[in-house]
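Undergrad: Take a look at the following structure, please.
Quick note: the coordinates plus some simple rules give every number you see, no bench work behind them. On a predicted model such as this, the values are computed, not experimentally measured, just so you know. Cβ coordinates were reconstructed from backbone atoms using ideal geometry, including for glycine residues, and neighbour counts include every protein chain displayed.
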Ligand code: NAP
């Protein structure tokens, strides 16, 4: 019988030097895919690439600011030439510029919109040509429980809610080419990002994590691997009938 779950593809994971992106890159490589590890600084991708190759996987480091049209075009061209046509894309690159609305600068707003929304748009637009040609594609966009509203995150909440509308529209437009698009909306995941948030609000990280856990039904914090497991499912060959969905991975229900 043909194994329809594990055909090797070329996957692009943005923001993959660390955190959730690194875990997704490692997981997709373990699933048999060749992975382009994309992040702002190419040298910073080395740790993820080395971890993949040490386990016998295939990976390449690509320095790219996902909010730059030129950089994205050059990165996707390089990936296609050196690794093969990319047909899996995980838009994970992200930044925080938290502040209450009255203190939020235009730069705080624009930076968050540019990395999350403009970045996901530019990457998806560049990669879709390869997906359409292959009549197969998997796009996974990182949203967040913050999409439902979160104090101090007017910019980030708007961007992460925007990712959901973007995802659903990609699903509608690209479905007939064998391309699915889904969003993962993580809750509290232990990464540099949540550590930075604890620091910003002036709370020790352990206390910050314990406070978060007290609100999480499964009684623990999330790890990057929890999100990687969801991404692994969504890019499988046999997940082709799941599209336009937002999967909350938050240890409990979200509306
Ligand atoms: P992280 O540890 O801060 O990692 C984000 C990565 O994205 C960093 O390596 C960062 O590079 C890179 N990046 C930032 N701007 C970029 C750009 N313009 N082009 C390319 N790469 C860029 O964050 P994380 O916690 O793993 O989060 C990953 C994704 O999950 C984000 O989209 C985030 O919003 C989302 N998320 C996280 C949580 C959570 O609890 N951690 C919850 C919900 C959603 P630099 O280090 O150079 O800045």
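Undergrad: Out of everything in the stretch 170-200 that is away from the ligand (no atom under 14 Å from the Cβ) and without any contact (Cβ under 8 Å) to a residue 12 or more places away in the chain, what residue ends up being farthest from residue 139 (Cα to Cα)? Before the answer, list the steps.
TA: Pass one, the stretch 170-200, residues away from the ligand (no atom under 14 Å from the Cβ): 170-182.
Okay, now just the ones that are also without any contact (Cβ under 8 Å) to a residue 12 or more places away in the chain, so 173, 176.
Working: 173: 12, 176: 14 Å.
Ranking the qualifying residues of the stretch 170-200, first place goes to 176.
Undergrad: Please indicate, with yes or no, whether at least one residue in the stretch 203-226 is touching a residue at least 40 places away in the same chain (Cβ under 8 Å), out of contact with any strand residue (DSSP E or B) (no Cβ under 6 Å at 6 or more places or on another chain) and more than 13 Å from the ligand (Cβ to nearest atom).
TA: Within the stretch 203-226 (the criterion being touching a residue at least 40 places away in the same chain (Cβ under 8 Å), out of contact with any strand residue (DSSP E or B) (no Cβ under 6 Å at 6 or more places or on another chain) and more than 13 Å from the ligand (Cβ to nearest atom)), the answer is no, since none of the residues qualifies.
Undergrad: Only one of 13, 62, 37, 72 is surrounded by 15 or more Cβ atoms within 10 Å (Cβ to Cβ), in a helix (DSSP H, G or I) and in contact with a helix residue (DSSP H, G or I) (Cβ under 7 Å, 6 or more places away or on another chain). Can you tell me which?
TA: One residue alone meets the criteria, 72.
Undergrad: Look at residue 138 and say whether it is crowded, with 18+ Cβ neighbours inside 10 Å and not in a helix (DSSP H, G or I). Explain how you work it out, then say what you get.
TA: Values: crowded, with 18+ Cβ neighbours inside 10 Å: yes; not in a helix (DSSP H, G or I): yes.
Considered against the rule, which asks whether it is crowded, with 18+ Cβ neighbours inside 10 Å and not in a helix (DSSP H, G or I), residue 138 comes out as yes.
Undergrad: Please go through the stretch 222-240 and pick out each residue that is under 18 Å from residue 164 (Cα atoms) and in a loop (DSSP other than H, G, I, E, B).
TA: 235
Undergrad: Could you grab me the full set of residues in the stretch 75-124 that are in contact (Cβ under 8 Å) with a residue 12 or more places away in the chain, in a loop (DSSP other than H, G, I, E, B) and either more than 9 Å from the ligand (Cβ to nearest atom) or more than 30 Å from residue 229 (Cβ to Cβ) (or both)?
TA: 83, 84, 85, 97, 98, 100, 104
Undergrad: Same structure, new question: Residue check: is residue 62 under 16 Å from the mean Cα position of the chain (by Cα) and either more than 14 Å from the ligand (Cβ to nearest atom) or within 30 Å of residue 153 (Cβ to Cβ) (or both)? Before you say what the answer is, go through the steps one by one.
TA: Working: under 16 Å from the mean Cα position of the chain (by Cα): yes; either more than 14 Å from the ligand (Cβ to nearest atom) or within 30 Å of residue 153 (Cβ to Cβ) (or both): yes.
Criteria met by residue 62.
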